[in-house]
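The values are calculated or read from the model by the stated rules, or taken from the named source; none is laboratory data. Just so it is clear, the model here is predicted, and its values are computed rather than measured. Reconstructed Cβ throughout: ideal geometry from the backbone, glycine too, with neighbour counts over all protein chains shown. Calculation scope for accessible area: heavy atoms of the full protein, side chains included, ligands and nucleic acids excluded. Shrake-Rupley method; radii C 1.70, N 1.55, O 1.52, S 1.80 Å.
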Amino acid sequence: MIKNWKALTSLLSAAMLALALAGCGNTATKEGAGSSQQPAQEQSQEQTQKDLKTQYPLTVTDATGESFTFEKAPTKIVSVSPAETESLFALGLDNEIIGVSDYDDYPEAAKTKAKMGGINKPNEESVIAADADIVFGGISLSEDAVKKLRDLGITIFKTDPKSIDDVINNIETFGKITDHQEQAQKLITQMKQDVTDVTEAVKAVKPEDKKKVYIEFSPGWTVGKGEFMDELITVAGGMNIAADKEGWYEINEENVIASNPDVILYTNDVVDENSKTLDQIIKARSGWDQITAMKNNAVIGLDANLLSRPGPRITQGLKDVAKAIYPDLFK
């Protein structure tokens, strides 16, 4: 589906519970009188902690519609998706993670874990030998690989996030499965704050002033509507010129010229078989020098992992996209 897999290793719910309610009851006592009743705030804190403790057995459903019941928190976890690996590490599950895909490189601790093969088709022997309680797979894990591993008795939990909310919901689910809900809610709170910061910054942009954006994440490939990368542009106040189609697809260079984007975004660590960087490829295309983005030097490289991994850093990617489109709003 997508070219240059090696270069793009990662591509292919509420906020933190409030400690309020203290004002919902009168906890004061008469002067000199004793009371065995706990202050309402302390009760609320205890209830919050209890609510954030997973009650097993727990049944959850993944993106394929498969249901899983956990009698306890898994102690041996494998992830064959860089995005899911980042999420699990962000929840504090370093000790439980025993294997990752060949492409997992963040955080640094991920590099020390046993390698389980590719993100599209993991190494079956390695996954079986790991004897994990659960294996997490991401958007790039093929349907055939999921079926084959399940036929082998492997518990495969597959995700397929199409939006920031999907990513947040996945993190919340991971927190429930692993009994790390408190860590999940803290992370979700920060991610939602990132989204709020961006939407507040760009809300004053009038519809007629919204910039047209073209994004290229692999040579000759862009993204249309229905995928999280398209949503990043939209939430950041831009208009994706490729949104007339769905999913990931190969571009028509003439159509890009005709759309005349104000901003061109690209992943800054991608190179082709001739060692040319993506910006060199873009700038060398015939006729593209007439595009507004090229004339205004608004061809901007972004961190591929922040842009293409639907994990906990996706809202950092959102902020980078917004800054690239509207630099004056993010000084």
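The table that follows gives values for the structure above.
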quantity	calculated
Nearby lysines by direct alpha-carbon distance to Lys162 (threshold 20 angstrom, same-chain neighbours under 8 apart not counted)	Lys3, Lys192, Lys225, Lys245, Lys319
Gained length - Lys203 relative to Thr59, 0.36 nm times residue gap less alpha-carbon distance	47.9 nm
Dimensions (Å) - segment 250-331, Cα atoms, principal axes, largest first	37, 33, 20
Packing-based order for 174-180, 265-271, using average beta carbon neighbours within 10 Å, highest first	174-180, 265-271
For Phe157, residues with placed amide H under 5 Å, excluding near neighbours	Val135, Phe136, Gly137
Stretch gain in nm, segment Ala258-Asp151, where the contour uses 0.36 nm per residue and the Cα spacing is subtracted	33.6 nm
Heavy-atom accessible area order for Met294, Met239, largest first, 1.4 Å probe	Met239, Met294
Kirkwood-based Rg to Rh ratio, segment 175-250, C-alpha trace	1.11
Förster radius 51 Å - calculated FRET efficiency between Gln290 and Lys76, Cβ distance, rounded to 0.05	0.35
Proximal lysines to Lys76, defined as alpha-carbon separation beneath 24 angstrom and excluding residues fewer than eight positions away on the same chain	Lys53, Lys111, Lys113, Lys115, Lys121, Lys147, Lys148, Lys158, Lys176, Lys186
Theoretical gain in end-to-end length, Ala114 to Glu250 [0.36 nm per residue, Cα-Cα removed]	45.5 nm
